[in-house]
Amino acid sequence: MPDHSRALEAAAWAAAEGIATADQRALLEADPAAWRLILERLMDETEDSLDSVSGIEGPERAQVVGDFEADLDRLEAAYDLLLGSARSGSEVLIPTADPTGEVRLQASWANGSIVVWAGGPDIVAHKNADLSDRLEALGGPKLGWALHADVALPNGLRAAALSIPVEEALGWLVVAVGGGQGDDDGVGASVRWLGRVAVEAVTIVAQGRIVPSLRTHRQPEGKVMDLAVRWSPARVEDADVARLAGAMPGPVAVLSRKDARTVTLEVIGAVVDAIALEAGEKLERPATPPVIRNAADVGEAFIARLDGSSFTAPIPAGAEVSKRLDQWAHQVSGVAKTTLIVQLDPPDRGDAWFLSVLGRGAEGGLLPIEQALTDSKRTQHLADEIVRLERLYDKLGRAGGLRRGQVYLSQDEAWELMTVTGPALESAGFEVRVPALSRRKPSPALRMFVEPTGERVVGAHQLSDVRWSAVFGDVELTAADVARLASEARPLVRSHGKWVELDRVDLKEAAAALAERADSTRLTGAEILRHVVGLEGTPFGSGLSVEGSGWVTDLLQKATEAPTGPVTSPDGFVGELRSYQAEALGWLGFLDAVGLGGCLALDMGLGKTPTVLAHVARTLGNGPALVIAPPAVVGNWAAEAARFTPGLRVVVHHGASRASADELAAEVADADLVITTYGTAVRDVEALEQHPWDRLVLDEAQAIKNHTNETAQQLRRIVARTRLALTGTPIENGLGDLWSILDFTNPGLVGPRNTFVAQLSGEGEVALRALNGILVFRRTKTEPAVAAELPDRIDELDHCTMTAEQIGLYQAVLDGLVVQAESAERDVKQGAILAAITALKQICNHPWNYQADDKPLAGRSGKLNRLEEVIDQVFSADERILIFTQFATWGVRLAEHLSEVTGQPISCYHGGLARGARDNMIKGFQEGTGAGAIVLSLKAGGTGLNLTAANHVVLYDRWWNPAVEDQARDRAWRLGQTRTVLSHRLVCPGTVDERVEEVVGGKRRIADLVLPKSSSLADLDPEQLRTALGLRPDQLLAEDDL
Amino acid sequence: MTQPKKRSQQRRRGGGGAKAKPVDIWRPVPPLPAPEPIAPATDPTALLRSIGAPPLRARSDMAEAYLLAVSERAAGLATALAAAAGLLASPPEAD
């Protein structure tokens, strides 16, 4: 026999014996047809065996024949079940049974008591002690047991038994057995079945489906009878009883010898009665009449004995009351019969809901109850049911000129039926059909419908007619609708196909919001946009939606039409944009399409410059773009344009040699991108405003956060088709900063400053959200999607200016060197040159670094200015920064200055400090949170420290060996760092500082610093010295050029 | 001579056997599905109220009040049992 067939046969045997494993069940259920064939073959074979052994003689015959007969019985039972389930179309049922040879706890039903014993097929426990142990192990009741006569099984075995009234075993049966909360090992199928039936009874009582009766018992030869209150289940579902009865294991009925349905109903009845009598016992009741003579006395005793205790009454009186009670409860007691349907139809118009009662007619169809009463085969039953329903739901008795079983309900009554009365009617056995409802109240919102007036003005000045409405879910309400609903006892609307009650507070707010805007019936595009982004108030704590047509709806439509695949490699761009940069590029395209300006607010280090360059390259041909940036990043703009958009014609307009006003036109005509500084732009504003710029870009636009300053005012004179502001900190000091930027990019569009600040809901990043994607494009490094794309470090080179004081000192030191070099000996000359290089580097840092003085540091160094700008941005983001310098004394002074400027205590870590002080300083910085900075000398702090609390590094001055700088930066960029580290190198172009940078950058060797072929610094003549170390005016960023 | 039909073959054709089968109390039975979660009625007195006061002459109204109280308390006990058995249905969520 193939292995599969053998496995199938073994599974069929196991299933017939009720011990199939999960794998065996799966095998059989996968192929019921094969299962059936195997059962048929096994039955044939077993019957053949039975025939052959029936002829044998001797003492073993009965045993052998019995075994084969038992096998055949099991196979036939399994076969019947399989065919039964196949006929009913239900799932294949694997029969269950207690396994052969295993003793389990069994339970039999015996007239209101449970009789337990232990046994299984062909085996029993003979001693009560064994049974008690087993009960205790299974958590059975400790009290209430009584000895019971041995249970005689059909095979002749006798099992020791104990019995317990069902009320004493209720908790165990329901909780431990029925609910599966107890130990299931050793519990027989009969016990589990009784627990399951007890659960069914508990369900009936919990749902109130119980009725009382008065049980009678006539005493022999007497004139009196015993009476006791009993409770019975009502409206029991016939299918439930049948299912339970069909699954009743044989041991349950071994004592009662009743059919399964009768036993099932008896068990349910007993459990129901036990629970209800316990409830009656706990009730405070009147006293029983001392003498019961008549039906009235029986009635009083009925109330007094709701605990189920019996009382005696004359037979006529007791029988009369008992009979009357039976007749009274007859309509609902026992198995449920066909009942009525209560149907509620929502109103087509108005507020009247139609309720109708339906019953089944003779043909089985549903008819209005009045018609069903004349058409049904069971008119009396329907008549009783409608009386019962009318008793429970008095609205049906309301006079209204309609037929019986029909009534109109108000909104309030309909809602009550849907939510409260309906479930009560269902508990009483009626079927209730009501429209779907939702208890989740829809959130309100305001909506404006706009339609251009037809005047020829377009854009932000376009006038539109405006209609206002309130929206609850998908339900739009006019002011009149809101007023009507607010006046109703129960404001119901149909939302998303379900009836829902509106909140009165929401309605009141909606009414107020609509009333407030009632006069705003004609608005400009700018005014509509202000409403949309919440700058004119935010009723219900949210924005409003706009529908219709015109500039704003077009604008919003375009804003929501996010490109399905953001372009990461746009035309004209060499390289690949990150996803958020590509999204920003899409947003810049949107701004162009709708003619709006905007604020590109990517966090520092997220690559605003390449994004804008990609946009300029992509829209080439529309005219030149003017970029105005701090001098420190002008070089960066030029360098990144050369790297990413080499096709762009770039002009850097700054410095003394920049184009004059007359020359500017020719320069601009040949340029795609003109880069200048804020200082130069203000100085040359008259020349710049003569040119039709396609776009004006302000980098580090916090420079205009004060809208009244000279720079902000003058730059407004420059006309461009669109204006773009770039900043990582659009709300550095509050929403006023953002207003200044947005009012510059879209003059007048965002309304007055005070209104803007007052109406924009929330603070900080929350406020930005309302504008995000329309006037602002904001992304931060903390957004997971952004962080995932960032490299772990970004190095930036910042070009810094030289102040007049720095230039003067620089020139003086160089002049002194030249004079000294002319007369000095070779060794002395070489030493002087090296000392001068150090001095020049110090001057680039700050005049104080070269020559300490008592004057304040502020305003005397371009590098210091840039450092302060960087710190400003870092602190705005609540982040921490390391500042490295090779000059320890300067570091100490710098730290003092920065502490004064920022208001934060900033220390300097250098080799002159005691070990403990240095350790505490590092510990304090590393454990600190929020904004913070520390200055470190390159020599003492450049190695060995772990400063991952910082994610910004500034290399204030340069060292000859790039490895030393890398080591310094790696204090922050190391294991344990979870954020991108942004490193700034500060360099003064056109100075010795830049030449060191060239060495560090690998463009020169130190020996070539001065002259490529010089073998020694001392060999240089004065002119060569000036060339090597002197200022290069064409590269120098003088403070004047700001 | 024809062979008598086997008992199992008769079963397959829907026929009953002539011989009465002995009672097998260990015969396998179909398993019952796990009980449904029990959802107590919001008003367990509704069914009793629907049939009105019990016909106890002058004491009807008082009797009805007592019966409703029993019904309510019994539902409470049953609910407690259901909860202890872990069979209580969760309250419906607002949708």
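Under 6 Å by Cβ, and 6 or more places apart or on different chains, what pairs join a residue from the stretch A:661-685 that is part of a helix (DSSP H, G or I) with one that is among the aromatic types (Phe, Trp, Tyr) and surrounded by fewer than 23 Cβ atoms within 10 Å (Cβ to Cβ)? The qualifying pairs do not exist here.
Within the stretch A:347-366, is even one residue in a helix (DSSP H, G or I) and of a type in the set (Asp, Glu)? Scanning the stretch A:347-366 turns up no residue that is in a helix (DSSP H, G or I) and of a type in the set (Asp, Glu). Picking from A:910, A:846, which residue would you name as being closer than 20 Å to residue A:953 by Cα, surrounded by 14 or more Cβ atoms within 10 Å (Cβ to Cβ) and modelled with pLDDT of 90 or more? Testing whether each residue is closer than 20 Å to residue A:953 by Cα, surrounded by 14 or more Cβ atoms within 10 Å (Cβ to Cβ) and modelled with pLDDT of 90 or more leaves just A:846. Note on the stretch A:17-52: residues that are among the hydrophobic types (A, V, I, L, M, F, W, C) and under 50 Å from the mean Cα position of the chain (by Cα) total 10. When A:645, A:680 are screened for being among the polar types (S, T, N, Q) and closer than 19 Å to residue A:797 by Cβ, only A:645 passes.
Restricted to the stretch B:77-93, and to residues there that are in contact (Cβ under 8 Å) with a residue 12 or more places away in the chain and among the small types (Gly, Ala, Ser), the residue that is farthest from the other protein chains (Cβ to nearest Cβ) is B:90. Scanning the stretch A:8-32 for residues that are within 14 Å of chain B (Cβ to nearest Cβ), surrounded by fewer than 21 Cβ atoms within 10 Å (Cβ to Cβ) and among the aliphatic types (A, V, I, L, M) yields A:14, A:19, A:22.
Of all the listed residues (A:515, A:510, A:479), the sole one being touching a residue at least 40 places away in the same chain (Cβ under 8 Å) and either in contact with a helix residue (DSSP H, G or I) (Cβ under 6 Å, 6 or more places away or on another chain) or surrounded by fewer than 17 Cβ atoms within 10 Å (Cβ to Cβ) (or both) is A:510. Does the stretch A:324-341 contain at least one residue that is of a type in the set (Lys, Arg), surrounded by fewer than 17 Cβ atoms within 10 Å (Cβ to Cβ), within 11 Å of chain B (Cβ to nearest Cβ) and not in a loop (DSSP other than H, G, I, E, B)? Taking every residue of the stretch A:324-341 in turn, none turns out to be of a type in the set (Lys, Arg), surrounded by fewer than 17 Cβ atoms within 10 Å (Cβ to Cβ), within 11 Å of chain B (Cβ to nearest Cβ) and not in a loop (DSSP other than H, G, I, E, B). Tallying residues that are more than 9 Å from chain A (Cβ to nearest Cβ) and either at pLDDT 90 or above or surrounded by fewer than 13 Cβ atoms within 10 Å (Cβ to Cβ) (or both) within the stretch B:6-24 yields 7. For residue A:122, state whether it is without any contact (Cβ under 8 Å) to a residue 24 or more places away in the chain, of a type outside the set (Gly, Ala, Ser) and more than 26 Å from residue A:269 (Cβ to Cβ). Answer is no for this residue. Considering the conditions (1) within 17 Å of residue A:335 (Cβ to Cβ); (2) at pLDDT 95 or above, residue A:261 is excluded by exactly one of them, (2). Restricting the stretch B:25-67 to residues that are at the interface with chain A (Cβ under 7 Å from one of its Cβ atoms) and small (Gly, Ala, Ser), the residue that is surrounded by the fewest Cβ atoms within 10 Å (Cβ to Cβ) is B:58. Of the conditions (1) modelled with pLDDT under 85; (2) basic (Lys, Arg); (3) surrounded by 20 or more Cβ atoms within 10 Å (Cβ to Cβ), residue A:104 clears all except one; give me its number. The number of the failed condition is (1). Helices (runs of 4 or more DSSP H) fully within the stretch A:208-320 that include at least 1 residues being facing chain B (nearest Cβ under 10 Å) and in contact (Cβ under 8 Å) with a residue 60 or more places away in the chain: A:260-281, A:295-304. Scan the stretch A:890-915 residue by residue and report those that are in contact with a helix residue (DSSP H, G or I) (Cβ under 8 Å, 6 or more places away or on another chain) and of a type in the set (S, T, N, Q). Those that are in contact with a helix residue (DSSP H, G or I) (Cβ under 8 Å, 6 or more places away or on another chain) and of a type in the set (S, T, N, Q): A:902, A:904, A:907. Residues of the stretch A:42-76 that are of a type in the set (Lys, Arg) and facing another protein chain (nearest Cβ under 9 Å): A:74 alone.
The set of residues from the stretch A:566-589 being surrounded by fewer than 21 Cβ atoms within 10 Å (Cβ to Cβ), in a helix (DSSP H, G or I) and more than 28 Å from the chain's Cα centre (by Cα) comprises just one member, A:589.
The values are calculated or read from the model by the stated rules, or taken from the named source; none is laboratory data. Everything quoted here is computed from the prediction, not taken from an experiment. Cβ coordinates were reconstructed from backbone atoms using ideal geometry, including for glycine residues, and neighbour counts include every protein chain displayed.
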